[in-house]
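See structure below.
A short reminder: the numbers here are calculations on the coordinates, not readings from a lab. Predicted model only: the values in this text are computed from it and were never measured. As a convention, Cβ positions derive from the backbone with ideal geometry for all residues, glycine included, and neighbour counts pool all protein chains shown.
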Amino acid sequence: MSYLLQYNYWIVMVLMMIGFYIVISHGNLVKKLLGLSIFQTSVFILYISMGKVEGGTAPILDEGIVLYSNPLPHVLILTAIVVGIATTALGLALVVRISESYGSIEEDDIQKMDNEQC
Amino acid sequence: MNLSTELLLLLIMLVPALAVIGIILTGRSPNLREGVTLAAGLIVLALAIGIYQQYLDGIRLTVTWFELLPGLTVSFHLESLGILFALVAGFLWPITSLYAIGYMRGHHEQNQTRFYLCFALAIAAVMGVAFSANLFTLFIFYEVLTLSTYPLVTHAGTEKAKLGGRTYLGILMTTSILFFLLALLGTWYQAGTLDFVAGGIFPASAPTAVVATLLVLFILGIGKAAVMPFHRWLPAAMVAPTPVSALLHAVAVVKAGVFTVLKVAVFIFGLDLLGSLPTTQWLLYLAGASVLLASFVAMRQDNLKARLAYSTVGQLGYITVGALLATQAGITGGAMHIAAHAFAKITLFFCAGAILVAAHKSEISDMRGLGRQMPLTMLAFFIASLAIIGLPPTGGTWSKWFLIMATLDAEQFVILGILMLSSLLNIVYLLPIPYRAFFPHDGKPVWVLSEIKEAPPPSLIALWITVICCLALFVYPQPFYLLASTIVDGVHYGQ
Amino acid sequence: MTVLLDLLSWVALLLGSFFLIVGSVGLLRFPDFFTRMHAAGVTDSLGAGLILFGLMFQVDGQWIVLFKLLSILFFIWLTSPASSHALAKAALHHNQQPLLGDEVRNRKQAANE
Amino acid sequence: MGISMFSVTTVAILVSMILAITRAFLGPSLYDRVLAINVLGTKTVLLIAVLGFLMGRPEFLDIALLYALINFISIIGLMRFFEYSSSRQEEK
Amino acid sequence: MWYRYVMKHTVSLALVLAAIWLLNSGHYTPLIIGLGVVSILLVIAVVHLMDVVDHESQPIHLTRRFFPYWAWLLKELVLSNIDVAKRILKGRAAIHPVVGTLKTSQKTDMGRVIYANSITLTPGTVAIDLNDHSVTVHALTREGLQALQAGEMDRRVTEIE
Amino acid sequence: MLSQLPILQVILPLMAAPLCLIVREPRLVWLFSLLTSALTLGISILLLQQVLHEGTLSYALGGWQPPWGIEYRIDPLNAFVLLLVSLLSFVVLLAAHTSITREIAPEKQTYFYMAFLLCMAGFLGIVATGDAFNVFVFLEISALATYTLIALGSDRRALWASYQYLIMGTIGATFILIGIGLMYMMTGTLNMHDLAQRLPAVAGTRTLFTAFAFFIVGVCLKLALFPLHLWLPNAYAYAPSIVSAFLAATATKVAIYLLLRFIFTVFGVEFSLNHLPLQTILMALGLAGVFMASIVAIYQQNMKRLFAYSSVAQIGYMILGFSFGSVTGLMATLLHLFNHALMKGALFLALAGIFYRLGSVDLDKMQGLAKRMPYSMAAIVIGGISLIGVPLTVGFVSKWYLVLAALESGWWPLALLVLAGSLLALVYVWRFVETVYFQPLSEANSQVKEAPLGILLPTWLLVVANVYFGIDTQLTVGVAQIAAHSLFGSAS
Ligand code: NA
Ligand code: NA
């Protein structure tokens, strides 16, 4: 029962596994990046959900509110999201250039071409 | 006075090293290049004699170049075994150079500059080994020696040469890095120092099992001593030009090996500890087996250089046995055998090279009757053979005598038997060669080709100098005996 | 006064919810992409409008909140046609053919296209 | 507390979101999916707004506004990508 | 002349931005307002660099007649929503999709865009293509298209531009 | 001013990076970057001095005291690694201008320097900061810059290598982020110093174990510990030569630092090495890395790839060192950290020179090349000798401590295995020696010239350092000893 109460961890774990699975199982480079994004997002949720204070509200300062959730994880994850976007953008830029020079964005094709080149 | 000794010690390593630069600079002019080689050789010899003199005058010193880690230094000292080794090497380098000039020109060899360069580098390394004040310094120069002789072994550049070179480097590097270095580190860990100290450096608290293991690691790790089963590099290196074989067998490489064995026995373990270790006996048998097996294998070789190579493996076994007997006489005999074997074996290789250059023959079965065309060469071969066997009137007599005495001292009768049997085998595989050269007993005229003459004069001069040394060592062994007999207790002379 | 505002809110929110769900049902029921766009339009226009409208009665005197609700509504109504149009145009350029007239009766055919 | 108008609306929005997600899954064409996601975006904006009132934190409206903006930009970006890729296909 | 044109639209942009800031902020301390001023100046600078300060981004000339049109459009919006909602609930029997092309009477791009967006905003009709003289419309029913063809929306948009 | 050094160390290259865009002209950008790098190096030298004299420095970013603000904390270990990173960056950057004229299009060179400075700032930031989340941020800054740098390689395989590294690196960084998050959840602090004090209280919990596992796996991915090394060989092989040199010399070192910092300072030796089977796992993986990677290296034709695999093997040694859990072992790791940077810096810079002339670093195109490029080849030989661990080179010093650590812990066979690993290095170095020295010069290379001075001088600077620090070990051994003691001290 206590396991069910910590449902946020289960969501994080499921998301993480989904992301990880996509990264590993898909040969398409864009899909891999999508998987990577999901993988990262799961961690964002982990942080945010652990910043939750029982009975606390969103940490936006306002009069008459005593209990806020912990704002620090939000701040941290804001940074992490920016980093994540940068990573995804860079990854996509790489995929564009890979597609230009290999003519494919399928892992198997690229691997095959590299092996032939060696 | 001290300063000049220090300077001599520096110069004896620096001169060959400077010769390397000189050889590179004069590489385009063979005469100049070989002049540099010879001059450097003579200077080194003079320096070695100078150091010997000063040693006799009672000068003792240790020079530290730098300290790598606390207590771990690169330093050099004067000590009788090292001086003996330096004298042998210093004497044989100019002679070998002289011989090499004749040989290399006669053979129209390629890459001669690289050859002389590496040769000089090897001598510099030998001097480093000889004067090392601690095991660490010795190890460094030991490795430099390996690396600098590799290009000499593969000199021909053929596939066979490369293969031989790989075996050479592979065995020497593997043994030295896996076992020698580990033994060195283990010694450092147990004793906290690597300095060569008369009587050894291990504290009484060091566990016997560990020290005994270290001894095994040392004997196996010093691959240059060619104790079976790590002897394969020596026959493999036979692909090298003859002067190189001479360098490897007589002057530098193998001698550095057995020198290290003697050094480790006396100054790392100390004879008392060495005699008491449980593994000493087994290693003694291993060395004995090495002596015997090498002699048997030598008998079966038709290629002269191969036969000489296995002969070397056997003779090195004698010296290792001498060290492991852990007696004064054993060390003395072993050290003297370094000198005796050096002069004898270098003569034999010079002869083999001379025969190859003059008669283009390398197989023993083709050498019947060769004595008529090359009498001087074959006579020298005969005398040098006597020295290897240990018969008068050659220097080999004394060293073998001391070794025999040492086996009696230590009551190692099995080893005594092995040494006697091996000497018999030496006779069987060496003496027939000059005998059949002069007396081809089936009476057939094997050689009728008139163009075969004696070897080129430089070679001939070189090999007769060494033969005379073999003989002189019988009559006047004093310099080497004085050094060899004081290795253990370090008695000062001239005081 | 409060009761009246609450009542207005209830009505607007319920109606908004109704249109929201109806729009979504249309999104599911309609036979092809172009017809589904009309259903989506229901959600975007009146669904969103009524819900935001309903919220406007609950601002409790905070005029900033009112303004924000208005700007959200304004923004949705301004941008929703633009994105719909862009989507439709892209679909047309990629050879998505709208089902016309009686073709919509044959659902199987539509699904396969 | 009873049933508040906001919770009823929230449930309605969630139900309609599920329907939209169903369409996104079913497709069949890419445009159907984009359409569904677009609608989903609008509904998310509404959900955030209503949740703000439900929780007594109307400050959430800022987030809703921001979300609407991002939703719009992302859809336009996606469409630009389609236009771009279609013109390239025509070149070939 | 050009200067006055740019100035007019810049001022209008600044006012709009200031309004957005003030109405959204709720915090009227000097620091926050100062930050707002900086932001506005920054946006104006960027917009000037992009060279889009004109009547298309700041349609001030439309403001006067805009609200009557909005009121009319709102009515249309409600009616068409009800209509489409009914058809959704009745199912596919109630729809009859058609595509038609309508002539546009607007003289400016802005006018045509307002027209096309109005068509799309009202459920039941979607502008799927637009060029200088006509707009292609996908309608859920024939009646929807016919209502547009009647031209009331077209006329009203032309009036405000 | 002096008290601002910790932050200046990081902020200087970080601020300089965007300024590259203003300078534009490649040569000027290079000089500008070089200046930045020189200043950074100066700062790190001052920092090391300061730390050695005054002890650990603490700097609160923006004046906000920890635990609320971000703390920059410099102890001997940080200072040591900071010096290593800035020194190697500087030397590599010296050669950059000449090298990239051949490998990177002129219009992209500005971006190269920008990414280089960013990457450097990231590395320095990871080392300087005392805040766990800050570590993640700098990790990602350096990683993003690294992906860019690798993708600048002239071969299209560079793109693919960069992409693969991006995927692996991001997974690693995300794992680290999870680890940090869980630690924060347990303790409510991100300050590494505070974490160290609060973690023992929750040492027995499953959450902390999870945090530890995630963090360690993430870092091991970043540092390419076998078998998580798959991204590294291609990345090093196809990146621009100068980038290979830079990464080989610094990137994995910083990851090792991170591992040490968390294992020893944050989690504590007691928890990390004694409480968990980590010691055995690391030891096994380290050894496996040494052997597997060395054996694979033997069969490589592309020299950059060869030395990349060798790097994986050397990382194995570093891991092995501290897995003994003794001061000597840790010293071996720290020494090898520095020494390996010198070796690989020299080797990859020499390869940059060869690439400049040949347009390739394939071994079968280098036959007899020693005749045409004697100084470059000699540099590789000396670097290789150092890699093997021959006395009087830096490689020997680290091997010395590594074997001693094995002997101290009584694991003689392990000592033997360490030395056997050296033999494998001998084999792949010797393959090179045989090809370039003992094979006839190939026709194609008969007109090749020695590498340009712009590359050759920095190369030899590192070669000389390989020998110098192999002989004068006072500085390196001294600092390593202090750092090792401080790491063990802070754990108790
Ligand atoms: Na619409
Ligand atoms: Na519509």
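Measuring from the lowest to the highest alpha carbon on each principal axis, how far does the protein assembly as shown reach, largest first, in angstroms?
Its Cα atoms span 135, 68, 63 Å along the three principal axes.
With the Cα gyration tensor of segment B:55-163 giving a ≥ b ≥ c as the square roots of its eigenvalues, does the rule (a/c under 1.5 for rounded; else a/b larger than b/c for prolate; else oblate) give rounded, prolate or oblate?
Note, shape of segment B:55-163 comes out oblate.
List F:Ile319, E:Ile60 from most exposed to least, where exposure is judged by having the fewest other Cβ atoms within 10 Å. List each step's numbers first, then the result.
Values: F:Ile319 26, E:Ile60 14.
Least to most surrounded, the residues fall as E:Ile60, F:Ile319.
Please compute the average number of Cβ atoms from other chains found within 10 Å of each residue's Cβ in peptide B:72-79. Display every interim value, and only then the final one.
On the way: counts 4, 0, 3, 0, 0, 0, 0, 0.
Mean shielding count: 1.
Just rank B:Glu159, F:Glu270, F:Glu140, fewest to most, by other beta-carbon atoms within 10 angstrom.
Details: B:Glu159 8, F:Glu270 12, F:Glu140 24.
If I rank by nearby Cβ atoms, fewest first, I get B:Glu159, F:Glu270, F:Glu140.
Which of A:Met13, F:Met373, B:Met127 has the fewest other C-beta atoms within 10 Å, and how do the rest follow up to the most? Mind dumping the intermediate values first?
On the way: A:Met13 12, F:Met373 24, B:Met127 30.
Ordered by Cβ neighbours within 10 Å, fewest first: A:Met13, F:Met373, B:Met127.
Express in whole angstrom the spacing between the alpha-carbon centres of segment C:45-70 and segment E:4-66.
24
Percent relative contact order of chain B, based on C-alpha pairs within less than 8 angstrom and at least six residues apart?
Working: 919 pairs, mean separation 79.9, N = 495.
RCO, chain B: 16 percent.
For the Cα atoms of chain F, what angle does the longest principal axis make with the long axis of helix F:474-491, in degrees from 0 to 90, nearest 10?
The angle comes out at about 30 degrees.
Using label points projected 7 Å from each Cα along Cα→Cβ, tell me how many nm separate F:Leu21 and B:Glu6, to one decimal.
With each label placed 7 Å out from Cα toward Cβ, I get 6.3 nm.
Tell me whether segment B:240-382 comes out rounded, prolate or oblate; compute the Cα gyration tensor, take square roots of the eigenvalues as a ≥ b ≥ c, and use a/c under 1.5 as the rounded threshold.
Working: a/c = 3.03, a/b = 2.30, b/c = 1.32.
In terms of gyration-tensor shape, prolate.
Just need log10 I(q)/I(0) for segment A:9-118 at q = 0.13 Å⁻¹, Debye formula, equal scatterers on the alpha-carbon atoms, no solvent, rounded to two decimals.
-0.63
Can you give the helix-only mean residue ellipticity at 222 nm for chain B, where every DSSP H stretch with n ≥ 4 adds -39500 (n - 2.57) and the sum goes over all residues, rounded to the nearest 500 deg cm²/dmol? Working shown, then result.
Values: 22 runs with 346 residues, N = 495.
Mean residue ellipticity at 222 nm (helix-derived): -23000 deg cm²/dmol.
Assuming R0 = 41 Å, can you tell me the calculated FRET efficiency for the pair B:Gln53 and B:Asp272, based on Cβ-Cβ distance, to the nearest 0.05?
Details: r = 32 Å, r/R0 = 0.79.
It comes out at approximately 0.80.
Around E:Thr104, which amide H atoms from residues at least 5 apart in sequence, or from another chain, sit under 5 Å from its own amide H, with H modelled in the peptide plane?
Those qualifying (amide H under 5 Å, at least 5 residues apart or on another chain) are E:Ser134, E:Val135.
Using the per-residue mean of other Cβ atoms lying within 10 Å as a proxy for protection, in what order, highest first, do the peptides B:391-397, B:404-410 fall? List each step's numbers first, then the result.
Working: B:391-397: 21.3, B:404-410: 19.6.
Per-residue mean Cβ counts within 10 Å order the peptides as B:391-397, B:404-410.
Enumerate the calculated ³J(HN,Hα) couplings along segment F:347-359 in order (Karplus 6.51 cos²θ - 1.76 cosθ + 1.60, θ = phi - 60°), each rounded to whole Hz, writing x wherever the residue is Gly or Pro.
5, 6, 5, 4, 5, 4, x, 5, 4, 4, 8, 9, x
Relative contact order for chain F: what is it in percent, counting Cα pairs under 8 Å that are at least 6 residues apart? Mind dumping the intermediate values first?
On the way: 893 pairs, mean separation 75.2, N = 492.
RCO, chain F: 15 percent.
Between segment B:147-187 and segment A:39-118, how far is it from one alpha carbon centroid to the other, in angstrom?
54
Just the Kirkwood number for chain C, please: inverse of mean 1/r across all distinct Cα pairs, in Å, one decimal.
Working: mean 1/r = 0.0628 Å⁻¹.
Answer for chain C: a Kirkwood hydrodynamic radius of 15.9 Å.
Where does the longest stretch of chain B lie that holds no trypsin sites (Lys or Arg not before Pro) found in a DSSP loop with 15 or fewer other Cβ atoms within 10 Å? If you can, show how the numbers build up before the last one.
Numbers: sites that count: B:Arg28, B:Arg60, B:Arg300, B:Lys453.
My reading of the result: B:61-299 is the longest stretch.
Mind ordering C:97-103, B:6-12, B:320-326, F:460-466 by average Cβ neighbours within 10 Å, highest first? Intermediate values should be presented prior to the final figure.
Numbers: C:97-103: 15.3, B:6-12: 19.1, B:320-326: 29.7, F:460-466: 22.3.
Ranked from most to least packed, the peptides come out as B:320-326, F:460-466, B:6-12, C:97-103.
Collect residues whose amide H, placed 1.01 Å from N in the peptide plane, falls under 5 Å from the amide H of F:Ala224; neighbours closer than 5 in sequence don't count.
Answer set, sorted by chain and number: none.
Can you give me the pair-distance distribution of segment E:36-161, C-alpha pairs, 5 Å bins, whole percents?
P(r) over segment E:36-161, rounded to whole percents: 2, 10, 17, 18, 15, 11, 9, 7, 5, 3, 1, 0.
What residues qualify as long-range amide H neighbours of B:Asn134, i.e. H under 5 Å apart, gap of 5 or more or another chain, H built at 1.01 Å from N?
Amide H to amide H, under 5 Å and 5 or more residues apart or across chains, B:Asn134 pairs with B:Ser75, B:Phe196.
Once phi is turned into ³J(HN,Hα) by the Karplus curve 6.51 cos²θ - 1.76 cosθ + 1.60 with θ = phi - 60°, what whole-Hz value does each residue of segment B:49-59 show in order, with x for glycine and proline?
With the stated coefficients, segment B:49-59 comes to 5, x, 5, 4, 4, 5, 5, 4, 6, x, 7 Hz.
When the helices in chain A are scored as -39500 (n - 2.57) per DSSP H run of 4 or longer and the sum is shared across all residues, what 222 nm value do you end up with, to the nearest 500 deg cm²/dmol?
-25000 deg cm²/dmol
Along Cα→Cβ, 7 Å out, is where each label goes; now give me the distance between the ones at F:Ser446 and B:Arg232 in nm to one decimal.
3.9
Under the Karplus relation 6.51 cos²θ - 1.76 cosθ + 1.60, θ = phi - 60°, what is the ordered set of whole-Hz ³J(HN,Hα) values for segment F:295-309, x standing for Gly and Pro?
Residue by residue, segment F:295-309 yields 5, 5, 4, 4, 8, 7, 9, 6, 5, 5, 5, 4, 6, 5, 5 Hz.
How high is the relative contact order of chain A, in percent, counting Cα pairs under 8 Å that sit 6 or more residues apart? Present the calculation step by step, with values, prior to reporting the outcome.
On the way: 108 pairs, mean separation 27.1, N = 118.
The value is 23 percent.
How much mean residue ellipticity at 222 nm does chain F get from its helices, if each DSSP H run of length 4 or more adds -39500 (n - 2.57) and you divide by all residues, to the nearest 500 deg cm²/dmol?
On the way: 18 runs with 370 residues, N = 492.
Helix-only estimate at 222 nm: -26000 deg cm²/dmol.
With a Cα-only, solvent-free Debye model of segment C:32-96, what are the log10 I(q)/I(0) values at q = 0.12 Å⁻¹?
-0.40
Hey, with R₀ at 35 Å, roughly what FRET efficiency would C:Val11 and D:Met55 work out to, going by the Cβ-Cβ distance, to 0.05?
Details: r = 23 Å, r/R0 = 0.65.
After rounding, the FRET efficiency stands at 0.95.
Over the Cα atoms of chain B, what is the Rg over Rh ratio if Rh follows Kirkwood?
Numbers: Rg = 21.3 Å, Rh = 22.3 Å.
Using only Cα positions, Rg/Rh for chain B is 0.96.
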